[in-house]
């Protein structure tokens with residue numbers, strides 16, 4: 001059965017296999033499957049490394065610091081408000097970004113056939 005590869009960004013947003021676009025890429029929250037359950041693509045060699053975490057830290061850091069400054073100068077809340085608010089914003093935002101960023105790097109590796117995978 002022939003599968004048409006979806007655009008890398010669509011596979012990343014859907015968390016789907018970069019080859020067929022139908023199989024699930026993740027077996028857990030951030031664990032990449034060993035093999036696509038639809039087309040059989042070996043996903044074991046596709047490793048995104050620390051790239052998604054680095055991108056998420058920079059993006060979330062910029063957003064949270066900007067919002068923290070805005071809240072501080074606009075509302076002047078006591079320090080304990082900051083201690084409560086920002087972890088509640090930072091952790092979910094980071095987790096929400098990690099999955100699509102990891103899927104995007106795996107899809108880009110597949111698209112460009114990284115030489116480390118021997119493809």
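Modelled spin labels at residue 13 and residue 58, positioned 7 Å past Cα toward Cβ, are 2.2 nm from each other.
Would you calculate, for the chain, the mean residue ellipticity at 222 nm contributed by helices, counting each DSSP H stretch of 4 or more residues as -39,500 (n - 2.57) and dividing by all residues, to the nearest 500? Kindly include the intermediate steps, with their values, before the conclusion.
Values: 3 runs with 66 residues, N = 119.
Estimated from H runs of four or more residues: -19500 deg cm²/dmol.
Pairing the Cα long axis of helix 79-112 with the longest principal axis of the chain, what angle in degrees results, from 0 to 90 and rounded to the nearest 10? Between helix and principal axis, roughly 20 degrees.
Apply 1/(1 + (r/R0)^6) to the Cβ-Cβ distance of residue 44 and residue 85, taking R0 = 41 Å, and write down the FRET efficiency to the nearest 0.05.
Working: r = 41 Å, r/R0 = 0.99.
In this case the efficiency is close to 0.50.
Fewest neighbouring Cβ atoms within 10 Å first, the residues 84, 4, 32, 95 line up as 4, 84, 95, 32.
For the chain, what does the equivalent ellipsoid look like in terms of its semi-axes, each the square root of 5 times an eigenvalue of the Cα gyration tensor, given largest first in whole Å?
On the way: eigenvalues 275, 32, 26 Å².
Listed largest to smallest, the semi-axes of the chain are 37, 13, 11 Å.
Modelled label positions at residue 35 and residue 111, each set 7 Å beyond Cα in the direction of Cβ, lie 2.7 nm from each other.
Any read-out appearing in this document is the output of simple, stated calculations on the displayed coordinates, not a laboratory observation. Computed from a prediction, not measured in an experiment: that's the story for all the values here. Quick reminder, even Gly has a Cβ in these numbers, built from the backbone with ideal geometry, and neighbours come from all protein chains shown.
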